[in-house]
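The values are calculated or read from the model by the stated rules, or taken from the named source; none is laboratory data. What you see is a predicted model; the values in this text were computed from it and never measured. Positions of Cβ are generated from backbone atoms using ideal geometry, with glycine treated the same way; all protein chains shown enter the neighbour counts.
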């Protein structure tokens with residue numbers, strides 16, 4: 001177990017957004033956070049990264065309390081990808097190099113540049129080094145973001161909807177890269193809306209409703225018409241085929 | 001006019017570099033070339049600004065005098081006592097405003113942010129006007145009053161608006177109009193004594209001397225150095241505050257440092273030269289269009305560009321008519337069309 005979230009309660013402007021959330025993540029885990037908009041997925045990721053302080057409960061990484069650490073130390077352990085990123089004309093390689101920030105003094109060295117190049121080829125974006133970040137497609141931008149996190153050399157990835165607004169090929173590529181990074185001895189928590197994508201790549205699912213984790217387990221245990229009705233309030237059919245799970249809307 | 005032609009030359013040359021960029025030239029070679037040109041132009045602007053004036057001193061005579069040749073005592077005194085401090089002051093003010101502009105535009109992620117956004121210029125005007133109204137208007141008093149009231153204004157604006165970038169911008173705008181009202185009131189009450197305050201509203205270098213250079217030197221060097229030191233963190237903040245945090249940047253701390261440095265730079269500039277608009281807004285944008293958004297390159301190139309631009313504009317201000325034109329008029333008349341030209345051919 002590398003991450004332990006125990007009894008975390010978070011209030012934003014006197015609204016209780018997270019209510020007593022507890023779970024654990026072990027090495028090799030690829031965890032999907034499923035839940036409707038506003039259920040608290042982003043708040044949970046922000047809290048785990050240390051951006052929001054819980055009013056009670058704590059987040060432990062390797063036994064150390066995240067909220068007692070400096071942000072630069074947290075950034076060496078956790079790779080957080082926020083949902084919204086401003087447009088910038090920086091070159092792709094410079095955006096990736098930003099992942100080295102926790103390790104550099106004033107400016108990055110040639111060693112950092114080498115790490116950034118390696119990270120870019122790891123996500124299949126070699127040859128994009130000198131392109132402007134703002135000129136990339138949505139899928140390419142997210143791959144660059146993953147390269148950034150990869151050269152940040154963290155043990156746990158916190159990704160806030162990395163596949164939203166992407167075409168199906170990019171979605172599959174992004175999740176494939178995340179899976180590859182996890183298989184190298186990391187873990188990841190991914191907020192995601194596509195249940196089928198989640199069940200294809202993730203070994204664990206956490207379903208969040210109104211700031212609480214209401215279902216947790218592997219995809220086969222958790223994904224069924226009842227849980228989805230409960231969490232999302234929508235009627236679906238769950239089809240099992242060759243050991244895989246497919247969720248389709250129940251339309252007659 | 002010599003130096004402004006020079007600036008156009010850079011743009012034309014860079015056009016050519018851009019054309020061949022897709023081929024072989026690596027970007028680092030481009031940047032070395034740009035910096036080389038900027039340094040040469042900077043030297044040219046420096047010498048031109050010293051040699052041109054009501055009594056022209058030849059280019060080579062200027063170089064000789066700068067190297068310590070006192071053969072012509074009148075020319076020597078003109079240069080050492082008047083032209084040199086004026087040129088150095090113009091460079092310092094330009095550097096301060098351009099660096100603060102770069103930092104503020106990055107911090108606010110707003111292309112309209114400029115060094116005066118914290119209400120510094122109107123704060124300085126109130127300080128100067130008060131000193132004059134109280135009848136204690138020595139040059140030193142005016143400068144220190146302007147400097148400290150500018151710093152206090154920046155601090156008050158920061159305290160009011162520190163919760164978000166938007167409230168900071170709006171607090172600056174509100175404070176600026178409030179203080180402008182006070183300045184106008186003071187001018188109205190004091191009548192004809194207040195022509196000195198008009199200096200702060202127009203801006204210029206015609207009262208430059210070594211004392212002003214001494215006053216501006218430390219704040220400009222210190223503020224600029226600290227902003228350069230944070231150039232990598234400013235890169236991170238381009239992608240958003242939350243993104244900067246995600247790569248380990250302490251954004252609250254960074255915001256305080258950048259705002260304090262900008263306030264220091266701008267207050268020092270305003271206190272010694274009055275309000276010179278446009279430089280802090282346009283030079284960072286112009287260099288961003290040419291060298292890109294990477295602050296490791298952008299800030300040094302904006303510094304060089306300002307050190308070329310400001311003395312060159314001052315040369316025009318003191319030669320284009322028989323008297324002295326306020327520099328702010330020239331920066332606007334020359335800077336705006338040049339910037340529109342860049343905007344039309346750039347990738348904004």
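Some observations on this one:
- Residue in segment B:207-230 that is over 17 Å from the mean Cα position of the chain (by Cα), surrounded by 16 or more Cβ atoms within 10 Å (Cβ to Cβ) and closer than 30 Å to residue A:95 by Cα present: yes
- Filter result for residue B:234 (crowded, with 24+ Cβ neighbours inside 10 Å, over 15 Å from the mean Cα position of the chain (by Cα) and within 14 Å of chain A (Cβ to nearest Cβ)): yes
- Tally, over segment B:176-210, of residues that are at pLDDT below 90, part of a helix (DSSP H, G or I) and within 30 Å of residue B:77 (Cβ to Cβ): 6
- If the condition is being within 16 Å of residue A:31 (Cα to Cα) and free of Cβ contacts under 8 Å to residues at least 24 places away in the same chain, then segment A:208-243 contributes A:214, A:215, A:217, A:218, A:221, A:222.
- The strands (runs of 3 or more DSSP E) found wholly in segment A:163-245 and carrying at least 2 residues that are at pLDDT 95 or above and touching a strand residue (DSSP E or B) at 6+ places or on another chain (Cβ under 7 Å) occupy A:187-191, A:204-209, A:212-217.
- Per the listing B:68, B:53, the residue uniquely in a loop (DSSP other than H, G, I, E, B), more than 14 Å from chain A (Cβ to nearest Cβ) and surrounded by fewer than 16 Cβ atoms within 10 Å (Cβ to Cβ) is B:68.
- Test: residue B:320 is modelled with pLDDT under 95, away from every other protein chain (no Cβ under 14 Å), surrounded by fewer than 24 Cβ atoms within 10 Å (Cβ to Cβ) and more than 17 Å from the chain's Cα centre (by Cα): yes
- Annotation: residue B:277 fulfils all but one of (1) away from chain A (no Cβ under 14 Å); (2) surrounded by 24 or more Cβ atoms within 10 Å (Cβ to Cβ); the unmet one is (2).
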